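Enquirer: Quick one: this structure, given as structure tokens, is what I'll be asking you about.
Any read-out appearing in this document is the output of simple, stated calculations on the displayed coordinates, not a laboratory observation. For clarity, every value in this text was computed on a predicted model and none was experimentally measured. Virtual Cβ from ideal backbone geometry, glycine too; neighbours counted across all protein chains shown.
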């Protein structure tokens with residue numbers, strides 16, 4: 001029984017890292033420009049489909065197509081910003097909610113139209129199978145995904161704190177006016193934030209495609225969980241998203257293990273409600 | 001103003017005489033669906049359009065209405081009309097339980113919280129054996145009668161029942177719009193703090209709006225249960241259903257009396273036709289069209305399609 | 001004359017900053033009180049405390065003898081205190097008439113009554129010709145007047161006006177002054193936060209001066225202008241020293 005518990009915790013930890021990666025993009029976009037990207041999960045779905053098609057058409061393992069997928073999604077993020085988001089940057093919150101909500105529907109429709117609602121899966125990834133660590137069985141793709149997610153999160157953190165461009169981004173998040181006075185072009189920073197935010201989801205998608213089913217609704221499952229992570233970590237905090245991702249991953253599998261697998265989502269959502277009622281700023285967010 | 005009344009009477013006349021002109025079940029079904037979605041849209045419009053509280057979880061009220069009726073009828077033989085009232089009661093209760101904590105949240109937090117609640121209710125019902133879990137409930141086939149709220153040989157009575165509900169919803173919304181309630185709702189949407197400084201108890205009025213929304217959505221759930229005679233969580237409590245309610249009002253006209261009507265007239269036929277003629281790929285196309293309309297309306301004209309017409313007639 | 005509003009040792013902190021420090025003064029029925037002081041002195045914070053948009057850390061506020069400290073803002077309004085905002089907050093999507101009606105609805109539940117009351121209020125404030133205009137299309141000074149009209153329609157007996165003369169030209173300032181006097185004639189007590197001295201000093205019965213959250217002077221406008229602490233607060237030590245040089 002105890003072995004099973006550890007098994008559960010480990011798998012929760014691993015998926016938690018991936019949740020953290022997905023949430024990082026969401027929280028970064030919000031932190032920089034106060035917009036909640038309701039369509040975030042759809043970009044994950046697009047990345048997963050891209051990884052899948054690269055496999056089917058070019059026999060590329062997701063890990064091999066990962067760089068391409070990432071770059072494509074970075075570009076998609078930038079395009080999304082300039083076409084859909086820039087016009088509403090100063091619009092009231094309701095309008096912003098509706099536009100990203102519209103984007104969600106749009107990408108869902110595109111996916112259904114192009115690829116139907118069938119479930120697809122990559123049969124065998126390059127790195128596959130199970131390995132045994134100290135008596136715990138873990139899928140290799142899951143570990144790869146987790147490692148990839150950790151690396152990516154680390155990269156982003158280094159970028160934000162350690163590079164001039166990254167610090168400029170943080171400056172804009174902190175105080176747009178002050179940043180402008182220091183010569184930082186907030187428009188380009190917004191575009192960059194979108195580019196990076198969507199690119200992270202691209203990486204997550206390529207990693208997940210190794211072992212997860214691909215279908216048009218897959219994005220919404222992860223996105224909803226990402227909302228919980230962002231709320232728990234604090235809207236706008238990258239470090240918070242990382243910690244919260246792990247917590248949510250563990251809560252999810254633990255509730256499934258201890259109580260009932262089909263009620264997992266119920267507990268994750270209850271966690272969201274608990275956080276916003278009791279500590280709206282999350283673990284590390286600003287108000 | 002006179003012109004508006006005339007147009008409305010023509011519209012009403014058309015609705016009343018429609019089933020006699022089109023006697024096939026499919027057109028009648030289509031208009032029944034339009035009226036059903038329009039009614040739900042009016043319900044959503046009250047909380048989302050007028051009061052500005054975006055709920056992505058209204059399907060929960062639809063589900064409560066459907067399930068309450070179904071259970072009371074199936075397990076206890078209680079008339080669906082009483083079941084409808086009971087459903088309204090439970091929906092108001094749900095609205096109170098959800099609204100009281102959630103309305104303290106602002107903007108996105110609230111919208112996401114409504115998703116959370118909708119999903120929680122959905123998951124709960126999918127795993128609750130008493131209500132049939134994921135299989136759902138097959139309503140008992142009873143003799144055709146108004147009392148039993150079941151008709152098997154023709155859709156005609158269903159048509160007039162939903163027409164009645166639709167007109168009821170329209171009347172309620174009209175009355176709200178012209179009363180202090182409506183003015184206060186709009187003030188809350190515009191600037192809640194300023195509203196408080198003018199003596200408006202914002203929490204309480206949000207609750208009123210949410211309760212009205214819950215009732216109008218709940219009666220639709222009851223109708224649906226009696227119309228289809230089979231309900232399960234994904235047909236009555238799905239997130240997509242909540243999203244459909246939003247879409248209808250967004251493209252039809254947020255905060256406009258006839259917005260949901262126009263939205264439903266656009267939405268339902270498009271969905272049905274793309275589904276019938278294009279299969280699942282067709283499903284994608286209608287979503288693409290709606291999404292672009294929603295985005296366009298959000299950026300350019302929150303008054304929606306209805307707003308285009310009403311401005312023209314001014 | 002019994003006091004309408006009494007502030008007793010009101011203190012409000014924002015983190016480490018003492019925005020209002022131990023403030024006490026009273027306002028009598030029918031008075032026009034000027035609340036002045038340099039930027040950041042805590043004037044708007046005080047309004048927020050009275051209207052209960054923020055919670056007081058210690059002290060009491062009494063209105064008509066009743067303790068109103070830290071009550072919900074909507075209750076404050078119902079008790080008869082109305083306020084405007086430093087940055088004007090009219091309902092942008094509604095017409096002028098609808099804006100005023102929102103205020104009128106507080107004491108008139110039926111729309112016909114509220115509409116009638118709103119039209120009356122509009123006439124007092126000069127909006128009769130512009131009732132159907134969308135509020136966002138008004139000029140800033142018109143919007144400020146609209147905000148006052150709207151809160152007037154709630155039947156408030158005490159009005160807290162936050163910098164309604166800011167950014168107005170001379171003619172508009174004169175109109176505000178006439179408006180304030182008209183309101184007082186109708187039996188309303190007013191507290192004005194102002195920087196526009198030529199507007200508030202001539203009409204105020206008494207002036208309260210704040211600086212760094214503390215009350216540094218209180219009295220008639222004539223007394224307060226000559227008060228040394230007030231001059232220091234506004235013009236700084238150097239000017240004060242220079243002035244003394246010339247006058248002694």
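Enquirer: With axes computed from alpha carbons, what is the tilt in degrees of helix A:62-80 against the longest principal axis of chain A, rounded to the nearest 10 within 0 to 90?
Expert: Roughly 30 degrees between the two axes.
Enquirer: Something else: To the nearest 10 degrees, how steeply does helix C:140-152 sit against the main Cα axis of chain C, on a 0 to 90 scale?
Expert: 80
Enquirer: Still on this structure: Report D for segment C:3-247 in µm² per second (integer): Stokes-Einstein, Kirkwood Rh on Cα pairs, 4 °C, 1.567 mPa s.
Expert: Calculated translational D: 69 µm²/s.
Enquirer: Work out, step by step, the length gained on full extension between residue A:167 and residue A:221: first 0.36 nm times the residue separation, then minus their alpha carbon distance; give nm to one decimal.
Expert: 16.2 nm
Enquirer: R0 = 22 Å: FRET efficiency of residue C:62 with residue C:205, Cβ-based, nearest 0.05?
Expert: 0.65
Enquirer: Let me ask something else. If you find the alpha carbon centre of segment B:167-188 and of segment B:220-263, how far apart are they in angstrom?
Expert: Segment B:167-188 and segment B:220-263 have Cα centres spaced 20 Å from each other.
Enquirer: If you build a Gaussian network model of chain A, linking Cα atoms that sit under 10 Å apart, which residue out of A:89, A:198, A:78 swings the most?
Expert: Residue with maximal mean-square fluctuation among A:89, A:198, A:78: A:89.
Enquirer: Continuing with this model, one more query. Label residue C:8 and residue A:262 with points 7 Å out from Cα along Cα→Cβ: what is the distance between them in nm?
Expert: If labels sit at residue C:8 and residue A:262, their model points lie 6.2 nm apart.
Enquirer: Next up: How far apart, in nm, are the 7 Å Cα→Cβ label points at residue B:17 and residue C:133?
Expert: 4.7
Enquirer: Helix-derived [θ] at 222 nm for chain A: sum -39500 (n - 2.57) over DSSP H runs of at least 4, divide by residue count, nearest 500?
Expert: Taken over chain A, the calculation gives -25000 deg cm²/dmol.
Enquirer: Using Cα pairs under 8 angstrom and six or more residues apart, how large is the relative contact order of chain B, in percent?
Expert: After rounding, I find 32 percent.
Enquirer: Between residue C:55 and residue C:186, what FRET efficiency comes out of the Förster formula 1/(1 + (r/R0)^6) with R0 = 41 Å and r the beta carbon distance, rounded to 0.05?
Expert: The pair residue C:186/residue C:55 has a calculated efficiency of 0.80.
Enquirer: For A:119, B:184, what's the fewest-to-most ordering of other Cβ within 10 Å of each Cβ?
Expert: A:119, B:184
Enquirer: A follow-up question, please. Pull out a ≥ b ≥ c, the square roots of the eigenvalues of the alpha-carbon gyration tensor of the protein assembly as shown, then state rounded if a/c is under 1.5, prolate if not and a/b is larger than b/c, and oblate in the remaining case.
Expert: Oblate, since a/c reaches 1.5 and b/c is not below a/b.
Enquirer: Now a separate question. Give me the percent relative contact order of segment A:2-216, please, defined on Cα pairs under 8 angstrom at least 6 residues apart.
Expert: 44
Enquirer: Can you give the FRET efficiency to the nearest 0.05 for residue A:279 and residue B:300, using r as the Cβ-Cβ distance and R₀ = 41 Å?
Expert: Approximately 0.60, to the nearest 0.05.
Enquirer: Over what distance in Å are the Cα centres of segment A:159-216 and segment A:102-144 separated?
Expert: 24
Enquirer: Turning to a different aspect of this structure: Using only Cα atoms, find the angle between the long axis of helix A:40-58 and the longest principal axis of chain A, and express it within 0 to 90 degrees, rounded to the nearest 10.
Expert: Approximately 60 degrees, to the nearest ten.
Enquirer: Does anything in segment A:35-70 have its amide N under 18 Å from the 7 Å Cα→Cβ label point of residue A:158, and if so which residues?
Expert: The answer is A:67, whose backbone nitrogens lie closer than 18 Å to the label point.
Enquirer: Something else about it: Among C:143, C:86, C:185, which one shows the highest mean-square fluctuation when chain C is modelled as a Gaussian network with alpha-carbon springs under 10 Å?
Expert: C:185
Enquirer: Each label point is 7 Å from the Cα along the Cα-to-Cβ direction; what then is the distance between the points at residue B:29 and residue A:124, in nm?
Expert: With each label placed 7 Å out from Cα toward Cβ, I get 4.7 nm.
Enquirer: Per DSSP helix of 4 or more residues, -39500 (n - 2.57); summed, then divided by the residues of chain B. What does that give at 222 nm, rounded to the nearest 500?
Expert: Value at 222 nm, helices only, nearest 500: -25500 deg cm²/dmol.
Enquirer: Hey, quick one: spin label on residue A:90, modelled 7 Å out along Cα-Cβ, who in segment A:138-181 has an amide N within reach, i.e. under 19 Å?
Expert: It comes to A:172-173, A:175-181, nothing else.
Enquirer: Under the rule a/c < 1.5 gives rounded, and otherwise a/b versus b/c splits prolate from oblate, where does segment B:1-121 land using the Cα gyration tensor?
Expert: Because a/c hits 1.5 or more and a/b fails to exceed b/c, segment B:1-121 counts as oblate.
Enquirer: Give the relative contact order (percent, whole number) for segment C:3-247; include only Cα pairs under 8 Å separated by 6+ residues.
Expert: 25
Enquirer: Sort B:128, A:107 by Cβ crowding within 10 Å, fewest neighbours at the top.
Expert: In increasing order of surrounding Cβ atoms, one gets B:128, A:107.
Enquirer: Still on this structure, I have one more. Among B:84, B:165, which comes first, then next, by fewest other beta-carbon atoms within 10 Å?
Expert: Sorted ascending by nearby Cβ count, the order is B:165, B:84.
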